Amino acid sequence: MKKLFTAAALVGLSAAASAQGTVNVICSVQAEWCNVIATVYARTTGTRINMSLKGSGEALAQLIAEKDNPKTDIWFGGTGDPHLQAAEQGLTLEYKSPTLAQLHPWAQQQARQSGYKTVGIYSGPLGFGYNPELLAKKKLPVPRTWADLLKPEYKGDIQVANPASSGTAYTMIATLVQLMGEDKAFDYLKALHRNVGQYTRSGTGPIKAVARGETAVSISFVHDGPGEKMQGFPVETITPSDGTGAEIGSMSIIKGARNLEAAKKFYEWALTPGAQELGAANKQFQLPSNVNAKLDPRIPDFKKIRFINYDYAKYGASAERRRLIARWEKDVNSLPR
């Protein structure tokens, strides 16, 4: 609890006396981070916070199901594509935060592209996780490019999530399509399929398997690696030198929110440097969107990564996502391994 009070001091809200009421939040980041957000926010503002932990796909499904009678006020975190889809479907509310000017350009772009119905709160690059001990034992090299993953020596030693259930894996497909062109990207995915030992449901599943020696290589968001390493597991990360994409974790206010003013206050708090620093304090090492947030040294250095010009508007659209996932199911996942 002492750590939580320290975190609360970092957030530095002076509005604790005036804040009141209740806010209902769907939280789509890791459980520990969600729980600390709930505790710190309640203690520093006096607001009652009802926190529901759901993956981004599950969160979107809930918002669709509750469209005519929303039970949620705000949706925090998770890959940005489902947030863009929620905006597209009229499930979220336009809101221009006065804090926007303090955010990185990619976070502001996420807001503009959604008609200000969502905003970027963190970003994390896509890359590879690997177990150096297992690679050494199997005499396998560290993969450094997308093409390296197609080498026959990696057969059965790669894990990636299923794009039908994972925003991480969908980001991989969208990245490859933009990097190679669609037909070549699907040729690549067919070849990669031969080396994949397992498609997991969760985007974090593959790097956890790498850390525990269950597979040698994963396709993952690289910010998930340091937390595993802090627990003593042998895991390293790398981004492909030929280019990669990144997620933009987002936040949205729900259209028809029962506690709209409380939702706006939580939204503004979540964009402050202190609130965003709670991620790294809980072993989550995405890049915060507020340029004034202090950066943990384990956060990936974006200046050293070769990023593609990722089209978040196009690949965050519902129809494009459905189309690409359907093609993956038909052309890739149906193949034998």
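The table below gives the values:
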item: Label-to-label distance, nm, for residues given as D187 and M230 (7 Å Cα→Cβ offset); result: 4.3 nm
item: For the chain, built as a Gaussian network whose Cα springs stay under 10 Å, the top-fluctuating residue of D148, D68, D224; result: D68
item: ³J(HN,Hα), Karplus 6.51/-1.76/1.60, whole Hz, each residue of the range 121-130, x for Gly, Pro; result: 10, 6, 9, x, x, 7, x, 10, x, 8
item: Amide H partners (placed H, <5 Å) of S220, local residues excluded; result: G127, F128, G129
item: Surrounding net charge for N290, when Lys and Arg each add one and Asp and Glu each subtract one, Cβ distance under 15 Å; result: -2
item: Segment R43-K304, length gained on full extension (0.36 nm per residue, minus Cα span); result: 90.1 nm
item: Computed FRET value (nearest 0.05) for N50 with A319, which takes r as the C-beta separation and R₀ as 45 Å; result: 0.85
item: Neighbourhood net charge (13 Å Cβ-Cβ; Lys/Arg +1, Asp/Glu -1) for Y315; result: -2
item: Rounded tilt (10° steps) of 260-270 against the dominant C-alpha axis of the chain; result: 60 degrees
item: Contact order relative to length of the range 76-163, as percent, for alpha carbon pairs under 8 angstrom and 6 or more apart; result: 20 percent
item: Among (i) 120; (ii) 182; (iii) 140, the entry derived from the coordinates for volume of the Cα convex hull per residue in Å³; result: (i)
item: Three-way shape call for the range 178-217 based on the alpha-carbon gyration tensor, with the a/c threshold at 1.5; result: prolate
item: Under the Karplus curve 6.51 cos²θ - 1.76 cosθ + 1.60, θ = phi - 60°, whole-Hz ³J(HN,Hα) for the range 284-290, x wherever Gly or Pro sits; result: 10, 10, 6, 7, x, 7, 7
item: Three-way shape label, the range 230-337, alpha-carbon gyration tensor, a/c 1.5; result: oblate
item: Extension gain (nm, one decimal) between R212 and E153, 0.36 nm per residue minus Cα-Cα; result: 19.2 nm
item: Highest to lowest packing among 236-243, 36-43, scored as the average C-beta count within 10 Å; result: 36-43, 236-243
item: Mean Cα-pair separation over length for the chain, i.e. relative contact order, pairs under 8 Å, 6 or more apart, %; result: 25 percent
item: Per-pair calculated FRET efficiency, R0 = 41 Å: A326 and A136 via Cβ, rounded to 0.05; result: 0.55
item: Derived scalar couplings ³J(HN,Hα) [the range 45-61; Karplus, 6.51 cos²θ - 1.76 cosθ + 1.60; whole Hz; x for Gly, Pro]; result: 10, x, 7, 7, 10, 9, 9, 10, 8, 8, x, 5, x, 5, 4, 4, 4
item: Rounded tilt (10° steps) of 182-193 against the dominant C-alpha axis of the chain; result: 70 degrees
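Values in this text are rule-based calculations from the coordinates and carry no lab data. Bear in mind that the values here come from a model prediction, so they are computed numbers and not experimental data. Note: ideal-geometry Cβ built from the backbone for every residue, glycine included; neighbour counts use all protein chains shown.
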